[in-house]
Every structure is written in C-alpha cells, then in structure tokens.
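The values are calculated or read from the model by the stated rules, or taken from the named source; none is laboratory data. Predicted, not measured: the structure shown is a model, and the values here were computed from it. Note: ideal-geometry Cβ built from the backbone for every residue, glycine included; neighbour counts use all protein chains shown. These area figures cover heavy atoms from the full protein model, side chains too; ligands, DNA and RNA do not enter into them. Shrake-Rupley method; radii C 1.70, N 1.55, O 1.52, S 1.80 Å.
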Amino acid sequence: MPTRRRALLILAALAGLALLSIALALMVGSVSIPFNEVLASLFGSESGLSGDVVRSLRLPRALAGFACGGLLALAGALLQVLLRNPLADPYVLGISGGAGVGALLAILFGFGLVGVNGSAFIGALAAMLVVFGLAHGDGSWTQTRLLLTGVIVAAGCGAAVALMLSIAPDNKLRGMLFWLMGDLSQSNDPRLVLGVLTAVLLVSLPFSRELNLLTRGTDMAQTLGVHVTRLRRGVYLVASLATAAAVTQAGSIGFIGLIVPHLVRLAVGNDQRLLLPASVLAGGSLLVIADTLARSIVAPQQLPVGVLTALIGVPVFLFLLTRDAQTGR
C-alpha cells in the first residue's frame, strides 16, 4: 500500500500533467497562441482572435477531451476489477457498439448534433440493459458469463454498424466514419460530461475498500463482509454509464480504458483508493494530448483522435505484454 505522502505526490504530479496537457491544447493548433495570450484569454482581457479561439473552441474541446479520457480510464479500471481480467476495457461489454448503432442511425436519418448524441446515449443504455439482462439470466452471475455476453452483443452491434455503412450515401459516410473513429471536434459544451465524471468518481471512491477485497477473489471478499453481488451490479452500472457518457460525447476512442489502468497500476500499485483518481487524471491527460496531436499534425485538417490513441496504445500494450512475459506474470 502506498504511504499517504507518496499517494499525494503521485496525485499532485498527475494533476500537474493534466494542467500541462490542457495548457498545451490551448496553445497549439493551426493558429499558435503564446502562453501569455492564453492566460489573458482565460481571464477575459483578450478580446481578439486569440480570445475567441481559446474560449470558444479550444477550451471546451480540451475540457471535454479530459472528461472523456477520465471516464474511459475510470471505467476500464472498474471493469478490470469486476471481471478480474487485465484485458477488460470499456468497450468489451458492447456499450460502445450500442452507442455506434444509435449514432449511425441518427446520422442516416439526418438528425442534428443533439439527435446524434441522444441516439448514441440511448443505444449505449440499451446495450447495457441487454448485456445485464442476458448475463444475469436466472440470477447467477459469473465474470465469464458477463464477458461472453458482452462480446456477443458487441459482435451483433458491429454487424449492424457494418450494414449501415454499406448502405449509407456518400455524403454521410465521412461523418459516420469520423464518429466511429473518435471525434472531439463537435465538443462545444463540456459541462455535462464533466459533471458525469465528477459524479462517477465520487460514487466509486467510497467503495475502494470493497474493490480492493474483490481483487483478491470472490470468496475472500464475501468472507470479509462484502456484498459481492450488489457490488458487482454497482460497478457494472457505474462503468457502463461512464462509458456511455464518454462515447456519446466523443465517439469510439479505443485503448484509453485498456492501457491507462495498466500504466497507472505499474506506478501506484493496485490500491483502488489511489488507482481510480490517478486513472482519471492520466486518462484525461492522455486523451487531451492525443487530440492536440490529431488537430495539429496535418493542420488545418484534423485526424480522428481514435487513430492517434490506437497508434499510441498498440506499442504500449505490446510492451506491457512483453514485460509480463519476461517477468512470468
């Protein structure tokens, strides 16, 4: 277990990284803005082009990206405890697939941004309820059953997405593909997703002790007084809602929920009291940095941020696999 002093230092370092990533996002882009002008824009004394770019475009996008990255990393950390599987991530239970079906249907029917986001959230909740209902079945619940149910639902949603892409008109295909690959360009109001992140973290932290016990096995957790069934349902619900909110805001962004909890666990250990907030800070920072790169590499054109997270995540994940193989884990 990390000492309180070490835990505070780690969280302070990650909070500094988060602030640095947001500052970088405000400064870098097709129009470079010096740090002093960024500060002037944030405090309202800059009313020119720099002020408009920072306050109206970059700041909402950076905050939305931080919130989405934090939600995905937190959901990944929770699901890895729930399933006792280090390969679990927020998309393994089909929630992203359900959101994709809802969003692409809305795009096909010509809905606006609000309609697309609403349909994505409804699709994510529908997938969550289907997985929960099928996995729960007659009342029994195992990690394997939940995981397999999620994989099957995700496969079905993937088939539906492929069908819609194959019949979509050319003028809508690009928008559909961008949504599926992750896109923060439409994130002009981050308040809702920031509120969801705050609520999910505040709900999760009081159960850190029970989560620590659950990582040691169901039998030990039950022996030590944990209501395992209720805890599992709560973790599944919280992780699902976090994923649904992130996917609704930013589309399908892979690897954040898989890689970040692994990296944070290497640095801070497996104490959920520290792992959960640290994952939020690290995941939010990573997505903000990836989004900054996505809109800067080929500026003024923008790349889907999910492409950048995959390019970062694949080599990191291969490194982790190699490291585990060498240590015999």
**Item:** Residues that are open to solvent by less than 70 Å² (accessible area, probe 1.4 Å) and polar (S, T, N, Q), drawn from the stretch 215-238
**Value:** Thr215, Thr218, Thr229
**Prompt:** Out of (1) open to solvent by less than 10 Å² (accessible area, probe 1.4 Å); (2) touching a Cys at 6+ places or on another chain (Cβ under 9 Å); (3) not aromatic (Phe, Trp, Tyr), what's the single condition that is false for Val131?
**Reply:** (2)
**Prompt:** Looking only at residues in the stretch 128-182 that are among the aromatic types (Phe, Trp, Tyr) and either part of a helix (DSSP H, G or I) or within 23 Å of the chain's Cα centre (by Cα) (or both), which one is nearest to Ala75 (Cα to Cα)?
**Reply:** Phe132
**Item:** Verdict on Leu125 being at pLDDT below 90, of a type outside the set (D, E, K, R), over 22 Å from Thr215 (Cα atoms) and out of contact with any helix residue (DSSP H, G or I) (no Cβ under 9 Å at 6 or more places or on another chain)
**Value:** no
**Item:** Residues satisfying the stated conditions in the stretch 180-206, i.e. among the β-branched types (Val, Ile, Thr) and free of Cβ contacts under 8 Å to residues at least 40 places away in the same chain
**Value:** Thr198, Val203
**Message:** Suppose we keep only residues that are open to solvent by less than 30 Å² (accessible area, probe 1.4 Å) and at pLDDT 90 or above within the stretch 134-163. Which one would you say is farthest from Leu93 (Cα to Cα)?
**Reply:** Val161
**Message:** Condition check: polar (S, T, N, Q) and open to solvent by less than 40 Å² (accessible area, probe 1.4 Å). Does Ser166 satisfy that?
**Reply:** no
**Asked** Which of the residues spanning the stretch 209-225 are more than 19 Å from Asn85 (Cβ to Cβ) and not in a helix (DSSP H, G or I)?
**Response** Leu224, Gly225
